[in-house]
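Working notes for the structure below.
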Amino acid sequence: MGVVKEGLIREQSPDTNILLTKVGDLLNWSRKNSLWWLAFGPACCTIEGLMCLNTPRFDLERFGIMPRYTPRQSDLMLVTGTVTHNLAPMVKQLYEQMPEPKFVIAVGACAIGGGPFYYDCYNVVRGVDQIVPVDIYVPGCPPRPEALIHGIEMLKQKIMARGKTD
């Protein structure tokens with residue numbers, strides 16, 4: 001008797017539990033349940049929306065999401081706040097130092113499209129997607145922590161759908 005649980009096929013018999021699945025599905029399942037994130041936060045969304053995710057109230061670690069402070073150990077980059085032309089090479093360098101597979105979430109109006117600063121400042125990048133490929137956008141100024149958790153859950157669904165042809 002087969003049961004599909006979180007994208008994995010689990011076969012159960014009276015005596016043993018046997019897990020039958022594809023290697024790619026197992027890897028995607030393990031990736032989605034152990035995301036290590038790197039925060040690049042030059043502005044206010046970092047304090048308002050991102051840093052409170054480490055507090056006991058929201059506790060991202062219960063989802064298996066751990067903060068890392070080096071790009072070489074991270075597979076998720078959370079870009080929050082205004083990115084200027086001076087910071088753009090640093091964002092690109094941090095992204096390139098991350099191992100594959102790597103994911104990016106743009107958090108807040110400034111990271112998505114430059115925010116209110118884009119129209120009056122010559123040095124603001126129109127969005128972080130001009131520098132690195134972005135997987136998920138979380139809108140808001142600043143976005144609520146619940147919205148960021150929802151964006152991470154959407155990324156988990158996207159990770160599980162990788163490599164599926166059906």
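Data for the structure
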{"quantity": "Where labels lie 7 Å past Cα in the beta-carbon direction, separation of R144 and K22 in nm", "calculated": "3.7 nm"}
{"quantity": "DSSP-defined antiparallel bridges as percent of all bridges, region 35-161, nearest 5", "calculated": "5 percent"}
{"quantity": "Principal-axis tilt of helix 23-32 within the chain, Cα atoms, nearest 10 degrees", "calculated": "50 degrees"}
{"quantity": "For region 35-161, projected area of the alpha-carbon convex hull averaged over all directions, nm²", "calculated": "7.0 nm²"}
{"quantity": "Between 0 and 90°, nearest 10: helix 145-161 axis offset from the chain longest Cα axis", "calculated": "50 degrees"}
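Each value in this text was obtained by applying a stated rule to the coordinates, not by laboratory testing. Being a predicted model, the structure only gives us computed values, none of them experimental. Please note: Cβ atoms are built from the backbone with ideal geometry, for glycine as well, and neighbour counts cover all protein chains shown.
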